[in-house]
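The values are calculated or read from the model by the stated rules, or taken from the named source; none is laboratory data. This one's a predicted model, so the numbers in the text were calculated from it and none came from an experiment. Heads up, the Cβs are rebuilt from the backbone with ideal geometry, glycines too, and the neighbour counts pull from every protein chain shown.
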Amino acid sequence: MTTQLIEYFNKSPRIGVLSTADKSGHVDSGIFGSPRMTDEKTVIMGLSNNRTLANLQQNPHAVYLIIEPGTTITDWKGIRVYLVALQIATSGGDLDAFKSQIAEVIGKESADMMVALVTFEVTGVRPIVDMGQGWEQSI
């Protein structure tokens, strides 16, 4: 992974879709703009008390899709970032510090909704439209 991936992942504004599944395999997808890549193997995000958090507590695997439409399917840009949750902090210094940072950016009301800070490990990256070109040519 490279700094090119970090820069693309953290580009703002952007939204993406985080897909998770519970222990029974029931899938959920949510739209988020908050995940941030802190280094080439780590993504963090705050979550409120929602289905995504419940699923991650049962099954740590997820995928985050960033999609930029093009004029034809081969012009579309984007990546699939495969993740595994390593830690879900529901209290303590890391969550408090994250909420303070978020409050400065999007406001205290939004930060107060967050009940967990999730730390993910990046386990793989693929192009959104995979034609064998590699993710680097898809951003």
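Would you mind finding the one in LEU53, LEU86 that is touching a Pro at 6+ places or on another chain (Cβ under 9 Å), under 30 Å from ASP130 (Cα atoms) and of a type outside the set (D, E, K, R)?
LEU86
Quick one: LEU95 ticks every box in (1) closer than 23 Å to SER29 by Cα; (2) crowded, with 17+ Cβ neighbours inside 10 Å bar one, so which box is it?
Failing condition for LEU95: (1).
Just to be sure before I move on: is LEU65 touching a residue at least 40 places away in the same chain (Cβ under 8 Å), out of contact with any helix residue (DSSP H, G or I) (no Cβ under 7 Å at 6 or more places or on another chain) and of a type in the set (A, V, I, L, M, F, W, C) in the structure I sent?
yes
Please specify each residue of region 108-139 satisfying the condition of being more than 17 Å from the chain's Cα centre (by Cα) and either among the basic types (Lys, Arg) or not in a helix (DSSP H, G or I) (or both).
Once the filter is applied, which keeps residues that are more than 17 Å from the chain's Cα centre (by Cα) and either among the basic types (Lys, Arg) or not in a helix (DSSP H, G or I) (or both), region 108-139 yields LYS108, VAL129, ASP130, MET131, GLY132, GLN133, GLY134.
Considering each residue of region 18-37, count those that are among the hydroxyl-bearing types (Ser, Thr, Tyr), closer than 20 Å to PHE98 by Cβ and either in contact with an Asp or Glu (Cβ under 8 Å, 6 or more places away or on another chain) or loosely packed, with under 15 Cβ neighbours inside 10 Å (or both), and give that number.
1
Quick check on my filter: what residues within region 73-87 are of a type in the set (Ser, Thr, Tyr) and modelled with pLDDT of 80 or more?
TYR82
With respect to SER29, determine if the residue is among the hydroxyl-bearing types (Ser, Thr, Tyr) and within 13 Å of VAL118 (Cα to Cα).
no
Take the residues of region 56-80 that are among the β-branched types (Val, Ile, Thr) and in contact with a strand residue (DSSP E or B) (Cβ under 9 Å, 6 or more places away or on another chain): which is nearest to VAL129 (Cα to Cα)?
Among those residues, the one meeting the criterion is ILE79.
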